[in-house]
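Below is one structure; the comments refer to it alone.
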Amino acid sequence: MVKINYYEKIKQELINHEVYVKVKDYSKNYHELETYYNIGRLLVEAQKGEKRAKYGDRLIKEYSKRLTEDLGVGYTQTSLKRMRSFFLLLEKGATLSHLSWSHYVELLKYDDINKINYYIRICKEQNLSVRQLREKIKLNEYERLSSITKTKMIKEENLEIGDLIKSPILIENKYSYEDINEKVLKKLILENIPMFLEQLGEGFSFIKDEYKIKIGSNYNYIDLLLFNYKYNCFIVVELKVTELKKEHIGQIEVYMNYIDRKVKNFLQNKTIGIIVCYKNKELIIEYSSDSRIKSVEYNIC
């Protein structure tokens, strides 16, 4: 039986990649990932025949030293271990996408494949930089998704407009206000409206706060009026600094119906309502007659 020289195979993979990078600039990322996947596979195969578990790291130390001597580039033990982890990650079910190696390095430290695939997905869809990816992970974006949304993503089902709303919504209190009334809550949201919109999901844009509507002889004001270009619909947002109450449902339904009849055109989908409240009460939403209404808690940070 011919013994495989794993070191030479790994060295050749790296040499081929260096040549490829110089010629094929347009697809560097994918080829780099493919190269590191193959190296990770070879490292795992090279370690399989060894009886002593600790030999794996000793083998990586040896290969790191030889590669640096032979190729003149510092292939550290850490980098080779990451390639091994990358191979194992993809074998467990992580998605291979046209992201950079730096994106995947940020995700290698996590064990939850569903969490990893979520961040791979949004990096691709939102063209996130590594810095932006770190920020989303830091804010526990995946953990703040509902269990229903997570199940849908695992089953690769289509997501609806309310599925990607994070709960709780995080609202930055940069001025350290102690008394958070509805006016202050709105002020804090408006001061960082991009952060607020991102936490609602994909495709949200801001239209106006205190949107004025006339019902009969009375004027009313919608806290925030948004539009979602992906789902082609208006979104009415009402802010409450109390726990969710049944009368909040009735109020937002009136506003949604008004926008449907007076503002939206026939090509647009029906209006969605989002109630941002201090404490959510799921039973109230469950027994609401309108499935277009969503409620979500907020946290001041």
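The values are calculated or read from the model by the stated rules, or taken from the named source; none is laboratory data. Since the model is a prediction, treat every value here as computed from it, not as a measurement. Counting neighbours? That spans all protein chains shown, and the Cβs are built from the backbone with ideal geometry, glycine included.
State yes or no: is Phe206 without any contact (Cβ under 8 Å) to a residue 24 or more places away in the chain, out of contact with any Ser or Thr (no Cβ under 6 Å at 6 or more places or on another chain) and within 28 Å of Tyr119 (Cα to Cα)? Spelling it out, Phe206 is indeed without any contact (Cβ under 8 Å) to a residue 24 or more places away in the chain, out of contact with any Ser or Thr (no Cβ under 6 Å at 6 or more places or on another chain) and within 28 Å of Tyr119 (Cα to Cα).
Hey, could you check the stretch 54-89 for residues that are of a type in the set (Phe, Trp, Tyr) and over 33 Å from the mean Cα position of the chain (by Cα) and say which is surrounded by the most Cβ atoms within 10 Å (Cβ to Cβ)?
First pass over the stretch 54-89, keeping only residues of a type in the set (Phe, Trp, Tyr): 55, 63, 75, 86-87.
Right, trim to over 33 Å from the mean Cα position of the chain (by Cα) and you get 55, 63.
Details: Tyr55: 14, Tyr63: 21.
Here the answer is Tyr63.
Taking the stretch 105-123 as the range and being under 17 Å from Glu135 (Cβ atoms) and part of a helix (DSSP H, G or I) as the test, the residues that pass are Val105, Glu106, Leu107, Lys115, Ile116, Tyr118, Tyr119, Ile120, Arg121, Ile122, Cys123. The single condition among (1) free of Cβ contacts under 8 Å to residues at least 60 places away in the same chain; (2) assigned to a helix (DSSP H, G or I); (3) surrounded by 14 or more Cβ atoms within 10 Å (Cβ to Cβ) that Tyr142 does not meet is (2).
Would you confirm, using the coordinates I've provided, whether Tyr30 is modelled with pLDDT under 80 and surrounded by fewer than 18 Cβ atoms within 10 Å (Cβ to Cβ)? So Tyr30 does not fit the description; no. Taken over the stretch 145-171, the criterion of being assigned to a helix (DSSP H, G or I) and surrounded by 16 or more Cβ atoms within 10 Å (Cβ to Cβ) is satisfied by Thr149, Lys150, Lys152, Met153. The test for being aliphatic (A, V, I, L, M), assigned by TED's automatic domain parsing to the domain that holds Ser295, in contact (Cβ under 8 Å) with a residue 60 or more places away in the chain and touching a strand residue (DSSP E or B) at 6+ places or on another chain (Cβ under 7 Å) does not hold for Ile252.
Would the stretch 159-168 turn up any residue that is over 30 Å from Thr95 (Cβ atoms) and touching a helix residue (DSSP H, G or I) at 6+ places or on another chain (Cβ under 6 Å)?
No; the residues of the stretch 159-168 include none that is over 30 Å from Thr95 (Cβ atoms) and touching a helix residue (DSSP H, G or I) at 6+ places or on another chain (Cβ under 6 Å).
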